[in-house]
1. Percent of Cα-Cα pairs more than 22 Å apart in region 202-290, please.
2. Any idea what the relative contact order of the chain is, in percent, if you count C-alpha pairs under 8 Å spaced at least 6 apart?
3. Considering only Cα-Cα distances, which of the following residue pairs are longer than 20 Å: LYS169/LYS469; LYS238/LYS449; LYS48/LYS155; LYS302/LYS374?
4. Could you tell me whether region 239-324 comes out rounded, prolate or oblate from its Cα gyration tensor? Rule is a ≥ b ≥ c as square roots of the eigenvalues, rounded for a/c under 1.5, then prolate if a/b exceeds b/c, otherwise oblate.
5. From the convex hull of the Cα coordinates of region 62-106, what is the mean projected area in square nanometres?
6. Counting other beta carbons within 10 Å of each Cβ, put GLU467, GLU39, GLU274 in order, fewest first.
7. How big is the charge dipole of the chain about its Cα centre, in debye rounded to the nearest 20, if each Lys and Arg gets +1 on its Cβ and each Asp and Glu gets -1 on its Cβ?
8. In the chain, if the dipole is taken from +1 on Lys/Arg beta carbons and -1 on Asp/Glu beta carbons about the Cα centre, which of GLY89, GLN26, GLY222 is farthest to the positive end?
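Computed from the coordinates by the stated procedures, all read-outs in this text should not be read as laboratory data. Since we're looking at a predicted model, the values are computed, not measured. Cβ placement follows ideal geometry from the backbone for every residue including glycine, while neighbour counts extend to all protein chains displayed.
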Amino acid sequence: MRIDHLIGGKSVAGRDYFETVNPATQEVLAEVASGGEAEVNEAVAAAKAAFPQWSSLAAPERAKLVRKLGELITLNVAELAQTETNDTGQVIAQTGRQLVPRAADNFHYFAEMCVRVDGHTYPTPTHLNYTLFHPVGVCALISPWNVPFMTATWKVAPCLAFGNTAVLKMSELSPLTASRLGELALEAGIPPGVLNIVHGYGREAGEPLVRHPDVRAISFTGSTATGNRIVREAGLKKFSMELGGKSPFVVFEDADFERALDAAVFMIFSNNGERCTAGSRILVQKSIYAKFTERFVARAKKLAVGDPLDEKTLLGPMISQGHLAKVRGYIEQGQKEGATLLCGGLETPHLSGRVKKGNYVLPTVFADVDNRMKIAQEEIFGPVACLIPFDTEEDAVRLANDVAYGLSSYVFTENVGRAHRVAAAIEAGMCFVNSQNVRDLRQPFGGTKASGTGREGGTWSYEVFLEPKNVAVSL
Ligand code: NAD
């Protein structure tokens, strides 16, 4: 199979192609067009040409088309989920029941919302001030590989619904479902040029896109290193940067133990541990630390590792051999640093059949981790949990904040006052109290410190995709 760029509504062949590989089987799934500056220039020109007509369409008309795209995704959930699972190794139970359906929800939600964009009025005795919200223009949307379809739609939906046009660049490791999204957008009646897709590597296709003078806004999700580079390259553009994380998961002795345990297991091992909001530093109060550790390890050992197309599998393969080597490198590092390895590690799972050559890591648990160790400070982005004991509430907050990142956080306690105190004190863009990460589309999603800047979701998406203008009329 060949995957080409989508530019101005037409499939455009690449001058070069790269392979995308199934990480469970190493089978080549497709040859994908590898774009560069020339394709980016064409795509931005197509998006710019489509902008006047698309942005001047009445919001309810745009909403109809955006909603239709959501409906087409819903009709194609099974096919999209299977493609996403093959391209990323994310297990079918999640792609089919959560990630792809949520992608459809993104279109329905922003279709509803775009008809409600309203301004503010500030009357004074001498002037009537009011605010208009205009679409920004051509937006660069750049997505990582971990949950690519959901992430791409989380950007494409508000971008298009608010009247902008887009050039989408997916990760070179997981381009397949977005390519289907481009086809479905045309099928929904979204005019050619409104959504363009250029495939390719970051430096070759991503960099000319973020530098392009006709690109007015950048919505980027990816690593902190790339985010920093883009901010330097982009010049004066609006942007939102959704970057890496090393989120604290704090369990106090008065927590609902079983609830905390369930959520802790889910937040580090779901999505194969390749999750920006993973609760990867599990801080547990000393009085319950031994019991929690024992139960956590028992749960980790029971997780079904295997074929991501099997409904019963909970943990699939790492996205690539390069990423597998990185995760294994951190496991070696943890052992060298003196953390106690309780399960998983460098042992490879005994799998047979079509997945025997997959990029697998067993669920890995390190206990007695010191928060200054590399495994506690750096984003591993794999199924590797670090258990860290703490004494007091002050201790917990200090450890939670002693990290470069600030994306998500989790606090488990039955003490209402403590829950609110700790939620306020933790340096993170999001805090979930007695809960795993539950995304509400109205919620401001994003991080602080090295986890990024800007928020997306609900009216927070105005920040990147709409330009406010004040009009002051003399009375
Ligand atoms: P990455 O930064 O390597 O790549 C992300 C995207 O940027 C890819 O499409 C890549 O091709 C492109 N890119 C790379 N270099 C570029 C450049 N110089 N200019 C423009 N584009 C460039 O990240 P990744 O490895 O694909 O994804 C994993 C990272 O994403 C993790 O750090 C994870 O935490 C983060 N992430 C964050 C969120 C969030 O919402 N905060 C969500 C998912 C993933």
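1. Numbers: 1855 of 3916 pairs.
I get 47 percent for the Cα pairs in region 202-290 exceeding 22 Å.
2. 19
3. In this structure, LYS169/LYS469; LYS302/LYS374 lie more than 20 Å apart at Cα.
4. oblate
5. That works out to 2.9 nm², a quarter of the Cα hull's surface.
6. GLU467, GLU274, GLU39
7. The calculated dipole for the chain is roughly 340 debye.
8. Of GLY89, GLN26, GLY222, it is GLY222.
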